[in-house]
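Take a look at the structure set out below.
Every number in this text was worked out from the coordinates using simple rules, so none of it is lab data. These figures come from a predicted structure and were not determined experimentally. Here the Cβ positions follow ideal geometry from the backbone for every residue, glycine too, while neighbour counts run over all protein chains shown.
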């Protein structure tokens with residue numbers, strides 16, 4: 001069972017390594033969107049510090065959303081998804097493996113880039129640390145919820161737009177607690193409560209999302 | 001592995017697409033050493049029937065049984081003993097044929113070393129494209145990679161949807177020989193094809209889907 005999970009993850013990492021262009025698009029998008037705000041609003045450090053956490057988090061949501069169609073759609077198109085569903089392993093593991101691989105490929109780089117963006121918004125070092133921590137807990141939630149959306153919209157026409165409309169509202173709690181944690185750290189009230197709520201959401205989605213995604217996969221593949 | 005006899009059977013299958021009924025009341029029992037050739041015109045439901053047999057989709061009515069048990073009860077055993085090639089080859093374009101074969105085997109919980117994978121691919125006439133990404137292979141060559149993956153699966157039951165599409169004369173002859181060897185060795189196969197396929201000497205049974213070919217264009 002576990003070896004199947006690891007094989008699914010290894011497979012996706014291998015495929016991503018063969019297609020670095022696709023992979024870089026998402027990271028560039030993240031940096032570009034976040035960099036547009038200081039350019040548009042002006043270089044006032046007070047304003048930038050105020051909007052910084054929210055902007056970085058919204059950019060992370062959008063970047064994650066941009067990469068979601070790649071989570072399942074390509075495997076669906078070339079038939080390897082149905083072959084994976086025909087293995088003796090339960091589809092839940094497939095859904096879990098695909099979401100974890102998506103997080104490793106698209107989530108972790110966001111985490112690594114975020115300090116640079118933090119500096120751009122004049123965030124203090126302490127706030128940047130909390131930002132990274134909130135992204136560390138928050139981005140896997142994005143991948144897990146995203147797998148549900150990707151599975152539901154598989155093979156539909158205009159699935160990209162539908163996916164956005166379906167998934168963005170589900171991302172709202174992650175955004176509130178993620179950006180809230182950084183704000184709280186800067187206000188000096190402590191980010192622990194926000195981060196622990198974010199952790200609770202992670203545990204919940206980790207337990208629930210793969211099952212829903214697996215059920216959605218079965219329906220979509222028919 | 002279960003001790004019961006290997007049989008694939010379906011009972012009173014009914015399949016619908018939206019409002020339209022494709023077929024109903026399909027019954028058949030297939031045993032080891034037999035092949036089932038499904039016939040029928042375009043759009044009569046051949047592919048739908050094959051997908052019902054793989055368990056990828058569910059029938060509107062009726063049931064499919066493997067070794068006497070309903071598919072959803074025995075899906076783990078069934079998927080270990082069954083291999084399916086659909087219209088899509090299910091291979092990744094960015095990987096080489098060897099990587100594709102090895103990955104497919106690992107996902108199915110088997111191990112396949114490089115030499116074994118190479119042997120299968122050479123057997124299917126792909127000896128010259130072993131380390132090219134599948135992206136640069138022709139349609140027929142990619143079909144051959146999928147067939148090599150089928151051989152590696154060691155499955156008892158092969159379900160093949162139009163396996164001859166894209167294959168050249170040698171490829172067709174090769175597949176015919178593979179099918180014969182598989183069936184004569186006690187294996188089972190369910191396939192559809194529009195091209196003539198000669199499997200003389202093997203135990204072939206046929207089933208017609210969607211009644212007599214009724215075409216509105218027939219004069």
Determine the shielding of peptide B:50-56 by partner chains: average, over its residues, the number of Cβ atoms on other chains within 10 angstrom of each Cβ. 2
Give me the angle, in degrees from 0 to 90, between the Cα long axis of helix B:139-152 and the longest principal axis of the Cα atoms of chain B, rounded to the nearest 10. 90
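Quick check on the exposure proxy: order A:13, A:71, B:88, B:95 from fewest to most C-beta atoms within 10 angstrom. Write out the running numbers ahead of the final one.
On the way: A:13 12, A:71 25, B:88 17, B:95 21.
Result, fewest neighbours first: A:13, B:88, B:95, A:71.
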Classify region B:30-208 from the C-alpha gyration tensor, please: rounded if a/c falls under 1.5, else prolate or oblate depending on whether a/b exceeds b/c. prolate
Could you list B:208, A:11 in order of exposure, starting from the residue whose Cβ has the fewest other Cβ atoms within 10 Å? B:208, A:11
Per the helix-only calculation at 222 nm, which mean residue ellipticity applies to chain B, given -39500 (n - 2.57) for every DSSP H run of n ≥ 4 and division by its residues, nearest 500 deg cm²/dmol? -9500 deg cm²/dmol
Rounded to the nearest Å, what's the spacing between the alpha carbon centres of region B:179-195 and region A:29-81? Just the number, please. 52
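Below 8 Å, C-alpha to C-alpha, sequence gap of six or more: please give me the relative contact order for chain A in percent.
It rounds to 26 percent for chain A.
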Anisotropy class of chain A from Cα gyration tensor, a/c 1.5 cut: prolate
Expressed to one decimal in nm², the mean projection of the alpha carbon convex hull of region B:1-70 is 5.0
Order of B:139, B:10 under a 10 Å beta carbon neighbour criterion, fewest first: B:139, B:10
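What order, most packed first, do the peptides B:150-157, B:196-203, A:59-66 have when packing is the mean number of other Cβ atoms within 10 Å of each residue?
A:59-66, B:150-157, B:196-203
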Sort region A:142-222 into rounded, prolate or oblate with this rule: let a ≥ b ≥ c be the square roots of the eigenvalues of the Cα gyration tensor; rounded if a/c is under 1.5, and if a/c is not under 1.5, prolate when a/b is larger than b/c, oblate otherwise. oblate
Can you give the relative contact order of region B:30-208 as a percent, counting alpha carbon pairs under 8 Å and 6+ residues apart? 37
Be a star and scan region B:34-63 for residues whose amide nitrogen sits under 16 Å from the point 7 Å along the Cα-to-Cβ vector of residue B:206. B:35-42, B:46
Calculate the FRET efficiency for residue B:72 and residue B:31 from the Cβ-Cβ distance with a Förster distance of 25 Å, rounded to the nearest 0.05. 0.70
What is the average number of partner chain Cβ atoms found within 10 Å of a Cβ in A:82-92? 6
Starting from the 7 Å offset along Cα-to-Cβ, what nm value, one decimal, do you get for the label separation of residue A:157 and residue A:206? 4.1
Would you tell me the mean number of C-beta atoms belonging to other protein chains that fall within 10 Å of each C-beta in A:66-78, as a whole number? 1
In degrees between 0 and 90, to the nearest 10, how far off the longest principal axis of chain A does helix A:91-102 point, with axes built from Cα atoms? 40
May I ask for the distance between the Cα centers of region B:19-93 and region A:107-134, given as a whole number of Å? 52
On a 0 to 90 degree scale, rounded to 10, what angle separates helix B:97-107 from the longest Cα axis of chain B? 60
So how far, in whole Å, is the C-alpha centre of region A:169-203 from the one of region A:206-222? 27
